[in-house]
Amino acid sequence: MPQRRPCLRPFAVAALTAALASACAPTPAAPHAAAPVYSYKVIARHPHDPQAFTQGLIWKDGFLYESTGLNGHSSVRKVELASGRVLQRTALPDEVFGEGMTDRGDQLLVLSWTNGAGYVLNRADFSFAGTFQYPGEGWGLTRSADTIYMSDGSAQIRLLDPATLRERSRIQVRDQGRAIDQLNELEWVKGEIYANVWQSDRIARIDPKTGQVRGWIDLSGLLRQHGSGGRGADVLNGIAYDAQGDRLFVTGKLWPDLFQIELVPPA
Ligand code: DDQ
Ligand code: CA
(Lines give C-alpha, C1' and ligand atoms only; values in the text may rest on other atoms or scores of the structure.)
(Ligands and ions follow the chains in the order given, each with its own letter.)
Protein backbone atom coordinates (compact mmCIF):
# COMPACT_ATOMS: atom_id res chain seq x y z
CA MET A 1 0.00 0.00 0.00
CA PRO A 2 1.42 3.40 -0.93
CA GLN A 3 2.16 5.58 2.01
CA ARG A 4 -0.44 8.31 2.40
CA ARG A 5 1.03 11.75 2.41
CA PRO A 6 -0.52 14.38 4.62
CA CYS A 7 -2.39 16.78 2.39
CA LEU A 8 -0.59 19.77 3.87
CA ARG A 9 2.75 19.69 5.55
CA PRO A 10 3.20 21.88 8.64
CA PHE A 11 5.34 24.47 6.88
CA ALA A 12 2.78 24.72 4.09
CA VAL A 13 0.01 25.29 6.65
CA ALA A 14 2.06 28.00 8.30
CA ALA A 15 2.77 29.69 4.97
CA LEU A 16 -0.88 29.54 3.97
CA THR A 17 -2.02 30.94 7.30
CA ALA A 18 0.46 33.79 7.01
CA ALA A 19 -0.64 34.52 3.44
CA LEU A 20 -4.31 34.51 4.45
CA ALA A 21 -3.63 36.71 7.44
CA SER A 22 -1.81 39.29 5.37
CA ALA A 23 -4.52 39.20 2.69
CA CYS A 24 -7.25 39.74 5.29
CA ALA A 25 -5.45 42.23 7.50
CA PRO A 26 -6.68 45.82 7.31
CA THR A 27 -4.52 47.99 5.12
CA PRO A 28 -2.02 49.68 7.41
CA ALA A 29 -2.73 52.94 5.58
CA ALA A 30 -6.35 53.02 6.84
CA PRO A 31 -6.45 55.84 9.41
CA HIS A 32 -9.17 54.29 11.58
CA ALA A 33 -10.90 50.98 11.99
CA ALA A 34 -14.29 50.71 10.29
CA ALA A 35 -16.98 52.34 12.38
CA PRO A 36 -19.30 49.75 13.98
CA VAL A 37 -22.88 49.63 12.69
CA TYR A 38 -25.47 49.39 15.47
CA SER A 39 -28.96 48.13 14.90
CA TYR A 40 -31.90 48.92 17.16
CA LYS A 41 -34.58 47.55 19.41
CA VAL A 42 -37.93 49.33 19.74
CA ILE A 43 -38.74 49.98 23.39
CA ALA A 44 -41.94 51.97 22.88
CA ARG A 45 -44.03 53.51 20.15
CA HIS A 46 -45.94 56.77 20.62
CA PRO A 47 -48.27 58.73 18.34
CA HIS A 48 -46.72 61.54 16.30
CA ASP A 49 -48.59 64.19 14.31
CA PRO A 50 -48.42 62.93 10.71
CA GLN A 51 -48.74 66.56 9.56
CA ALA A 52 -45.52 67.50 11.34
CA PHE A 53 -42.64 67.82 8.90
CA THR A 54 -40.17 67.21 11.71
CA GLN A 55 -37.02 69.29 11.55
CA GLY A 56 -35.93 69.68 15.14
CA LEU A 57 -36.66 67.50 18.15
CA ILE A 58 -35.52 67.80 21.75
CA TRP A 59 -36.53 66.53 25.18
CA LYS A 60 -36.72 69.12 27.92
CA ASP A 61 -38.22 68.95 31.42
CA GLY A 62 -40.63 66.14 30.69
CA PHE A 63 -41.82 67.21 27.25
CA LEU A 64 -40.80 66.98 23.64
CA TYR A 65 -40.27 70.21 21.72
CA GLU A 66 -40.46 69.98 17.98
CA SER A 67 -39.86 72.36 15.11
CA THR A 68 -41.44 71.68 11.72
CA GLY A 69 -40.75 72.78 8.16
CA LEU A 70 -42.43 73.43 4.82
CA ASN A 71 -43.27 77.01 3.91
CA GLY A 72 -46.62 77.99 5.33
CA HIS A 73 -46.57 75.07 7.78
CA SER A 74 -43.48 75.76 9.82
CA SER A 75 -44.06 75.73 13.55
CA VAL A 76 -42.67 75.14 17.01
CA ARG A 77 -44.56 72.79 19.31
CA LYS A 78 -44.56 71.43 22.80
CA VAL A 79 -45.67 67.81 22.66
CA GLU A 80 -46.83 65.27 25.23
CA LEU A 81 -44.83 62.09 24.71
CA ALA A 82 -47.40 59.39 25.48
CA SER A 83 -50.28 60.88 23.48
CA GLY A 84 -48.42 62.86 20.85
CA ARG A 85 -50.79 65.71 21.74
CA VAL A 86 -49.58 69.20 20.79
CA LEU A 87 -49.90 71.17 24.02
CA GLN A 88 -48.63 74.47 22.69
CA ARG A 89 -47.81 75.71 19.24
CA THR A 90 -46.65 78.77 17.38
CA ALA A 91 -46.37 79.32 13.65
CA LEU A 92 -43.25 80.64 11.98
CA PRO A 93 -43.79 83.19 9.18
CA ASP A 94 -45.07 81.68 5.91
CA GLU A 95 -41.89 82.58 4.03
CA VAL A 96 -39.81 80.56 6.49
CA PHE A 97 -38.98 76.88 6.07
CA GLY A 98 -38.36 75.82 9.67
CA GLU A 99 -35.33 73.69 10.44
CA GLY A 100 -33.41 72.43 13.48
CA MET A 101 -33.95 73.51 17.06
CA THR A 102 -32.20 73.42 20.39
CA ASP A 103 -32.62 75.07 23.77
CA ARG A 104 -30.56 77.73 25.49
CA GLY A 105 -31.59 78.31 29.08
CA ASP A 106 -35.26 79.27 28.98
CA GLN A 107 -35.19 79.85 25.25
CA LEU A 108 -35.54 77.85 22.09
CA LEU A 109 -33.37 78.52 19.04
CA VAL A 110 -34.86 77.59 15.67
CA LEU A 111 -33.14 77.66 12.27
CA SER A 112 -34.59 78.43 8.87
CA TRP A 113 -33.45 76.52 5.82
CA THR A 114 -32.46 79.30 3.41
CA ASN A 115 -33.37 82.63 5.04
CA GLY A 116 -29.99 82.99 6.75
CA ALA A 117 -31.72 83.74 10.02
CA GLY A 118 -32.89 81.86 13.06
CA TYR A 119 -35.49 82.63 15.72
CA VAL A 120 -35.19 82.89 19.45
CA LEU A 121 -38.38 82.04 21.35
CA ASN A 122 -39.14 81.98 25.04
CA ARG A 123 -39.80 78.36 25.86
CA ALA A 124 -42.46 79.07 28.48
CA ASP A 125 -44.96 80.80 26.17
CA PHE A 126 -43.32 80.65 22.72
CA SER A 127 -43.17 84.43 22.63
CA PHE A 128 -40.73 85.97 20.19
CA ALA A 129 -37.38 86.98 21.70
CA GLY A 130 -35.31 87.89 18.67
CA THR A 131 -33.49 86.61 15.61
CA PHE A 132 -29.90 85.73 14.75
CA GLN A 133 -28.02 85.57 11.48
CA TYR A 134 -25.71 83.02 9.92
CA PRO A 135 -24.18 82.50 6.49
CA GLY A 136 -25.42 79.67 4.26
CA GLU A 137 -28.16 77.16 5.01
CA GLY A 138 -29.53 76.05 8.34
CA TRP A 139 -30.32 72.35 8.90
CA GLY A 140 -29.76 70.89 12.38
CA LEU A 141 -29.00 72.19 15.86
CA THR A 142 -27.97 70.67 19.17
CA ARG A 143 -25.87 71.68 22.14
CA SER A 144 -23.49 70.47 24.82
CA ALA A 145 -23.01 72.32 28.11
CA ASP A 146 -20.87 75.01 26.48
CA THR A 147 -21.28 74.82 22.71
CA ILE A 148 -24.06 74.92 20.14
CA TYR A 149 -23.59 72.68 17.12
CA MET A 150 -25.15 73.46 13.76
CA SER A 151 -25.34 71.46 10.54
CA ASP A 152 -25.95 72.99 7.11
CA GLY A 153 -26.28 70.01 4.77
CA SER A 154 -22.55 69.79 4.18
CA ALA A 155 -20.02 67.52 5.89
CA GLN A 156 -19.15 70.31 8.30
CA ILE A 157 -20.64 71.04 11.68
CA ARG A 158 -20.29 74.58 12.98
CA LEU A 159 -19.53 75.25 16.63
CA LEU A 160 -21.31 78.36 17.88
CA ASP A 161 -20.84 80.40 21.00
CA PRO A 162 -24.08 79.96 22.99
CA ALA A 163 -24.12 83.60 24.14
CA THR A 164 -23.48 85.35 20.82
CA LEU A 165 -24.45 82.54 18.41
CA ARG A 166 -21.34 83.46 16.43
CA GLU A 167 -19.31 80.71 14.84
CA ARG A 168 -16.20 79.69 16.81
CA SER A 169 -14.93 76.87 14.60
CA ARG A 170 -16.00 73.90 12.49
CA ILE A 171 -15.40 70.21 12.41
CA GLN A 172 -15.24 68.16 9.24
CA VAL A 173 -17.22 64.92 9.55
CA ARG A 174 -15.45 61.89 8.12
CA ASP A 175 -15.78 58.15 8.17
CA GLN A 176 -12.40 56.56 7.44
CA GLY A 177 -11.33 59.61 5.48
CA ARG A 178 -14.58 59.90 3.51
CA ALA A 179 -16.50 63.14 4.06
CA ILE A 180 -20.06 62.51 5.27
CA ASP A 181 -22.43 65.24 4.12
CA GLN A 182 -26.21 65.73 4.25
CA LEU A 183 -25.96 65.92 8.04
CA ASN A 184 -29.40 66.92 9.21
CA GLU A 185 -31.11 66.80 12.62
CA LEU A 186 -28.64 66.59 15.50
CA GLU A 187 -28.63 65.43 19.09
CA TRP A 188 -26.00 65.52 21.80
CA VAL A 189 -25.94 62.05 23.39
CA LYS A 190 -23.43 61.22 26.11
CA GLY A 191 -20.59 63.24 24.63
CA GLU A 192 -21.23 62.39 20.97
CA ILE A 193 -23.19 64.17 18.28
CA TYR A 194 -25.82 62.00 16.67
CA ALA A 195 -26.75 63.17 13.16
CA ASN A 196 -29.45 61.99 10.81
CA VAL A 197 -28.06 61.68 7.30
CA TRP A 198 -30.76 63.18 5.08
CA GLN A 199 -32.59 60.69 2.86
CA SER A 200 -31.02 57.71 4.56
CA ASP A 201 -32.04 55.43 7.42
CA ARG A 202 -28.78 56.11 9.16
CA ILE A 203 -27.63 58.14 12.10
CA ALA A 204 -23.93 58.92 12.40
CA ARG A 205 -22.32 58.97 15.85
CA ILE A 206 -19.75 61.72 15.62
CA ASP A 207 -16.81 62.58 17.85
CA PRO A 208 -17.39 66.31 18.52
CA LYS A 209 -13.66 67.04 18.83
CA THR A 210 -12.40 65.44 15.64
CA GLY A 211 -15.49 65.00 13.47
CA GLN A 212 -14.61 61.32 13.16
CA VAL A 213 -17.63 59.00 12.75
CA ARG A 214 -17.38 56.58 15.68
CA GLY A 215 -20.33 54.46 14.68
CA TRP A 216 -23.51 54.22 12.66
CA ILE A 217 -27.03 53.40 13.69
CA ASP A 218 -28.95 51.63 10.96
CA LEU A 219 -32.66 52.27 11.42
CA SER A 220 -33.81 50.43 8.29
CA GLY A 221 -37.31 49.07 8.62
CA LEU A 222 -38.15 51.15 11.69
CA LEU A 223 -41.34 52.67 10.31
CA ARG A 224 -42.18 49.86 7.89
CA GLN A 225 -41.84 47.02 10.39
CA HIS A 226 -42.65 48.71 13.67
CA GLY A 227 -44.91 51.59 12.64
CA SER A 228 -48.68 51.89 12.88
CA GLY A 229 -49.13 52.14 9.11
CA GLY A 230 -50.32 55.08 7.08
CA ARG A 231 -49.03 56.70 3.94
CA GLY A 232 -47.16 59.78 2.95
CA ALA A 233 -44.35 59.54 5.47
CA ASP A 234 -41.11 61.19 4.44
CA VAL A 235 -37.57 60.54 5.65
CA LEU A 236 -36.21 59.68 9.08
CA ASN A 237 -35.48 62.93 10.92
CA GLY A 238 -35.65 63.84 14.57
CA ILE A 239 -33.56 62.57 17.44
CA ALA A 240 -34.19 63.54 21.06
CA TYR A 241 -32.37 62.31 24.14
CA ASP A 242 -33.71 62.32 27.68
CA ALA A 243 -30.46 62.32 29.63
CA GLN A 244 -32.13 61.80 33.03
CA GLY A 245 -34.10 58.78 31.90
CA ASP A 246 -31.43 57.66 29.39
CA ARG A 247 -34.09 57.39 26.70
CA LEU A 248 -33.47 57.88 22.99
CA PHE A 249 -36.34 58.96 20.75
CA VAL A 250 -36.48 59.05 16.96
CA THR A 251 -39.13 59.96 14.43
CA GLY A 252 -39.41 61.23 10.86
CA LYS A 253 -40.97 63.90 8.72
CA LEU A 254 -44.72 63.28 8.53
CA TRP A 255 -44.34 60.01 10.42
CA PRO A 256 -47.39 58.83 12.39
CA ASP A 257 -45.11 57.39 15.08
CA LEU A 258 -42.29 58.37 17.36
CA PHE A 259 -40.16 55.56 18.75
CA GLN A 260 -38.11 55.05 21.84
CA ILE A 261 -35.24 52.84 20.77
CA GLU A 262 -32.18 51.17 22.23
CA LEU A 263 -29.02 50.54 20.29
CA VAL A 264 -27.95 46.97 19.61
CA PRO A 265 -24.19 46.65 19.09
CA PRO A 266 -22.90 44.59 16.18
CA ALA A 267 -22.56 40.88 17.00
N1 DDQ B 1 -33.84 69.98 4.49
O2 DDQ B 1 -34.56 69.96 5.57
C3 DDQ B 1 -33.20 68.69 4.33
C4 DDQ B 1 -32.84 71.01 4.58
C5 DDQ B 1 -34.66 70.33 3.36
C6 DDQ B 1 -35.80 69.40 3.14
C7 DDQ B 1 -36.49 69.81 1.89
C8 DDQ B 1 -37.64 68.96 1.61
C9 DDQ B 1 -38.41 69.57 0.50
C10 DDQ B 1 -39.76 69.06 0.46
C11 DDQ B 1 -40.56 69.90 -0.45
C12 DDQ B 1 -41.95 69.44 -0.47
C13 DDQ B 1 -42.78 70.43 -1.17
C14 DDQ B 1 -44.22 70.10 -1.00
CA1 CA C 1 -32.44 66.79 18.23
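The values are calculated or read from the model by the stated rules, or taken from the named source; none is laboratory data. Being a predicted model, the structure only gives us computed values, none of them experimental. As a convention, Cβ positions derive from the backbone with ideal geometry for all residues, glycine included, and neighbour counts pool all protein chains shown.
Being touching a helix residue (DSSP H, G or I) at 6+ places or on another chain (Cβ under 9 Å) and assigned to a loop (DSSP other than H, G, I, E, B) holds for only one residue in Ala267, Ala233, and it is Ala233.
When we screen Ser228, Ser220 for residues that are within 15 Å of Tyr38 (Cα to Cα), part of a loop (DSSP other than H, G, I, E, B) and in contact (Cβ under 8 Å) with a residue 12 or more places away in the chain, the only hit is Ser220. For region 195-202, check the following and say yes or no: at least one residue is within 16 Å of ligand 1 (Cβ to nearest atom), farther than 16 Å from Thr68 by Cβ and touching a helix residue (DSSP H, G or I) at 6+ places or on another chain (Cβ under 9 Å). Yes, that holds for at least one residue. From Gly177, Gly221, Gly229, Gly245, grab the single residue that is touching a Pro at 6+ places or on another chain (Cβ under 7 Å) and surrounded by fewer than 20 Cβ atoms within 10 Å (Cβ to Cβ). Only one candidate qualifies: Gly177.
The single condition among (1) within 21 Å of Ala204 (Cβ to Cβ); (2) modelled with pLDDT of 95 or more that Asp106 does not meet is (1).
So that you can scan it fast, the table gives a plain yes or no per residue for (1) of a type in the set (Gly, Ala, Ser); (2) within 16 Å of ligand 2 (Cβ to nearest atom):
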| site | (1), (2) |
| --- | --- |
| Gly84 | yes, no |
| Thr90 | no, no |
| Leu108 | no, yes |
| Arg123 | no, yes |
| Ser127 | yes, no |
| Trp139 | no, yes |
| Ser144 | yes, yes |
| Gly177 | yes, no |
| Asn184 | no, yes |
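Pairs linking a residue in region 83-99 that is on the phi > 0 side of the Ramachandran plot to a residue that is away from ligand 1 (no atom under 16 Å from the Cβ) and assigned to a loop (DSSP other than H, G, I, E, B), with Cβ atoms under 8 Å and 6 or more positions apart or on different chains, are Gly84/His48; Gly84/Asp49. The single condition among (1) in contact (Cβ under 8 Å) with a residue 40 or more places away in the chain; (2) assigned to a loop (DSSP other than H, G, I, E, B); (3) more than 14 Å from ligand 1 (Cβ to nearest atom) that Tyr241 does not meet is (2).
Checking the structure you have, find out if any residue of region 37-46 is modelled with pLDDT of 95 or more, under 30 Å from Leu222 (Cβ atoms), in a loop (DSSP other than H, G, I, E, B) and more than 18 Å from the chain's Cα centre (by Cα).
So the first thing to find is which residues in region 37-46 are modelled with pLDDT of 95 or more, and the list is 37-46.
Going one step further and asking which of them are under 30 Å from Leu222 (Cβ atoms), we end up with 37-46.
When the remaining residues are screened for being in a loop (DSSP other than H, G, I, E, B), the result is none.
Checked region 37-46: no residue is modelled with pLDDT of 95 or more, under 30 Å from Leu222 (Cβ atoms), in a loop (DSSP other than H, G, I, E, B) and more than 18 Å from the chain's Cα centre (by Cα).
Among the conditions (1) in contact (Cβ under 8 Å) with a residue 12 or more places away in the chain; (2) in contact with a strand residue (DSSP E or B) (Cβ under 8 Å, 6 or more places away or on another chain); (3) not charged (D, E, K, R), Ser169 misses just one, which is (1). If you go through region 76-105 and keep only what is of a type outside the set (Val, Ile, Thr) and within 15 Å of ligand 1 (Cβ to nearest atom), you end up with Leu92, Asp94, Glu95, Phe97, Gly98, Glu99, Gly100, Met101. Restricting to region 244-261, give me the number of residues that are among the polar types (S, T, N, Q) and either touching a Phe, Trp or Tyr at 6+ places or on another chain (Cβ under 6 Å) or more than 16 Å from ligand 1 (Cβ to nearest atom) (or both). Looking only at that region, the number is 2. Being within 16 Å of ligand 2 (Cβ to nearest atom) and under 21 Å from Leu57 (Cα atoms): is that true of Asn196 here? Considered against the rule, which asks whether it is within 16 Å of ligand 2 (Cβ to nearest atom) and under 21 Å from Leu57 (Cα atoms), Asn196 comes out as yes. Residues being away from ligand 1 (no atom under 16 Å from the Cβ), farther than 21 Å from Leu92 by Cα and in a strand (DSSP E or B) are entirely absent from region 106-124.
Does Asp152 qualify as being within 16 Å of the chain's Cα centre (by Cα) and modelled with pLDDT of 95 or more? Please lay out each step first, then the result.
Working: within 16 Å of the chain's Cα centre (by Cα): yes; modelled with pLDDT of 95 or more: yes.
In short, yes.
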